[in-house]
Amino acid sequence: MRDIAVFSGSAHPELAEEVCAHLGVPLSPVRVSRFANDCLEVQLRANCRERDVFLVQSLVKPVQEHLVELLLMCDAARGASAGRITVVLPHYSYARSDKKDAPRISLGGRLVADLLVAAGAGRVLAMTLHSPQVHGFFPVPVDHLHALRELAAHFRQYDLSRTTVVSPDLGNAKEAAAFARLLGARVAAGAKQRFADDRVSISAVIGDVAGRDVIVLDDEIAGGSTVLELLDRLREQGPRTVRLACTHGLFAAGALGRLSEQPDVLEIVCTNTVPVPADGHTEKLRVLSVAPALAEAVRRIHNGESVSALFDAPAAAD
């Protein structure tokens, strides 16, 4: 893989290093500096000319800082005559801004996609986008991966004969159904209505959860308000055990602590698409690595092979 160059922004360099370890290539250095007027400057400190360049950056807090850093990385690679620029987005936080559900609001998911392409991105590799339509916001090819196989491998250590996978809302029910098929489990979903970013109402859980081992599956857990509301509805039906699973464990504003304090939650499982601070870990948290999946997708993109062939159909696209 002589013609590949992998660079990482400052959002999650540990994941980029792990991806490079699986690829057997070095992580190329990046210098990020700040002018006196607070503007950022990025320098890619390895040759990019006619090389297949991969830029790894999760859009995590501070999101805007990391977004501008990624845009500058794209621009630097384009200016250095990169043969192709692929943006690797383990977490695309602006994917939540995917529809106009109120008058005169912005569509951040589409705008940021346009900005990345304008800056030089020729291809995008993303993991578990918030909704399928975000894939279409990018006017360049998108390889959309999911972490269902990693999550399923973890949960197969348990007896799954009485398991139900529960989606917090109907919008995530398709992914929950795909996950349930991997586990040979039943599926259920919450009837959710969102009133604000941190305020939701779940009126009922549709499906069989009484006396069963429940795995709550969502694409991300941020403030945790949805999961806490869902737990209240589940308790009304009396599940035997409850475990939580998601791809993106953001755990904002002490959410991990609040969820870990729930006595009926046995385990909280996420992946390392976003960094979880070491001092934020609890005994109930399990963090799975998606670096092998990302590395294999990078290898296949570089070699012109199918990426979707790696993954089950529900959440993959070529």
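The values are calculated or read from the model by the stated rules, or taken from the named source; none is laboratory data. Everything numeric here is computed off the predicted structure, so don't read it as measured data. A quick note on method: Cβ atoms are made from the backbone with ideal geometry, for glycine too, and the neighbour counts reach across all protein chains shown. Just the protein is used for accessible areas: all its heavy atoms, side chains included, with ligands, DNA and RNA removed. Shrake-Rupley method; radii C 1.70, N 1.55, O 1.52, S 1.80 Å.
On the basis of being without any contact (Cβ under 8 Å) to a residue 40 or more places away in the chain and either assigned to a helix (DSSP H, G or I) or open to solvent by 30 Å² or more (accessible area, probe 1.4 Å) (or both), does LYS192 make the cut? So that I can check it myself, show each step before the final result.
Working: without any contact (Cβ under 8 Å) to a residue 40 or more places away in the chain: yes; either assigned to a helix (DSSP H, G or I) or open to solvent by 30 Å² or more (accessible area, probe 1.4 Å) (or both): yes.
Yes.
Taking SER106, is it free of Cβ contacts under 8 Å to residues at least 12 places away in the same chain and on the phi < 0 side of the Ramachandran plot?
Judged against the criteria, SER106 is a match.
Between LEU116, LEU55, which is out of contact with any Phe, Trp or Tyr (no Cβ under 7 Å at 6 or more places or on another chain) and within 24 Å of VAL42 (Cβ to Cβ)? Reasoning before the result, please.
Numbers: LEU55 fails: out of contact with any Phe, Trp or Tyr (no Cβ under 7 Å at 6 or more places or on another chain).
Testing whether each residue is out of contact with any Phe, Trp or Tyr (no Cβ under 7 Å at 6 or more places or on another chain) and within 24 Å of VAL42 (Cβ to Cβ) leaves just LEU116.
I need the full set of residues from region 24-44 which are of a type in the set (S, T, N, Q), in contact with a strand residue (DSSP E or B) (Cβ under 7 Å, 6 or more places away or on another chain) and open to solvent by 70 Å² or more (accessible area, probe 1.4 Å), in order please.
Looking only at region 24-44, we keep the residues that are of a type in the set (S, T, N, Q), and these are 28, 33, 37, 43.
Imposing the further condition that a residue be in contact with a strand residue (DSSP E or B) (Cβ under 7 Å, 6 or more places away or on another chain) reduces the set to 28, 33, 43.
Scanning region 24-44 gives a single hit, GLN43.
In region 283-306, how many residues are β-branched (Val, Ile, Thr) and more than 17 Å from the chain's Cα centre (by Cα)?
Total meeting the criteria: 1.
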(message) Restricting to region 130-155, name every residue that is touching a helix residue (DSSP H, G or I) at 6+ places or on another chain (Cβ under 7 Å) and without any contact (Cβ under 8 Å) to a residue 40 or more places away in the chain.
(response) PHE137, PHE138, PRO139, VAL140, ALA152
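For the structure I just gave you, tell me whether GLN57 is within 15 Å of ALA295 (Cα to Cα) and at pLDDT 95 or above. Before you say what the answer is, go through the steps one by one.
Numbers: within 15 Å of ALA295 (Cα to Cα): yes; at pLDDT 95 or above: yes.
Yes; evaluated as a whole, the condition is true for this residue.
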(request) Being charged (D, E, K, R) and in a helix (DSSP H, G or I) is the filter; apply it to region 62-85 and report the residue that is most open to solvent (accessible area, probe 1.4 Å). (result) ARG78
(request) Please indicate, with yes or no, whether at least one residue in region 220-242 is closer than 30 Å to ALA297 by Cα, open to solvent by 10 Å² or more (accessible area, probe 1.4 Å) and not β-branched (Val, Ile, Thr). (result) yes
(request) Inspect region 116-126 for any residue being within 16 Å of ALA11 (Cβ to Cβ) and either at pLDDT below 95 or open to solvent by 60 Å² or more (accessible area, probe 1.4 Å) (or both) and give the result as yes or no. (result) no
(message) Out of everything in region 162-185 that is outside any helix (DSSP H, G or I) and open to solvent by 10 Å² or more (accessible area, probe 1.4 Å), what residue ends up being nearest to ASP219 (Cα to Cα)?
(response) ASP169
(request) From ALA16, ALA11, ALA21, grab the single residue that is modelled with pLDDT of 95 or more, closer than 25 Å to HIS135 by Cα and outside any loop (DSSP other than H, G, I, E, B). (result) ALA16
(request) Collect the residues in region 269-318 that are closer than 30 Å to GLY257 by Cβ, in a helix (DSSP H, G or I) and at pLDDT below 95, keeping them in residue-number order. (result) ALA278, ASP279, GLY280, ALA315
(message) From the list ALA11, ALA21, ALA16, exactly one residue is surrounded by fewer than 20 Cβ atoms within 10 Å (Cβ to Cβ) and small (Gly, Ala, Ser). Which is it?
(response) ALA21
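With modelled with pLDDT under 95 and over 30 Å from ILE206 (Cα atoms) as the only criterion, which of PRO90, PRO103, PRO132 stands out? Walk me through how you get there before you give the answer.
Values: PRO90 fails: modelled with pLDDT under 95; PRO132 fails: over 30 Å from ILE206 (Cα atoms).
Only one candidate qualifies: PRO103.
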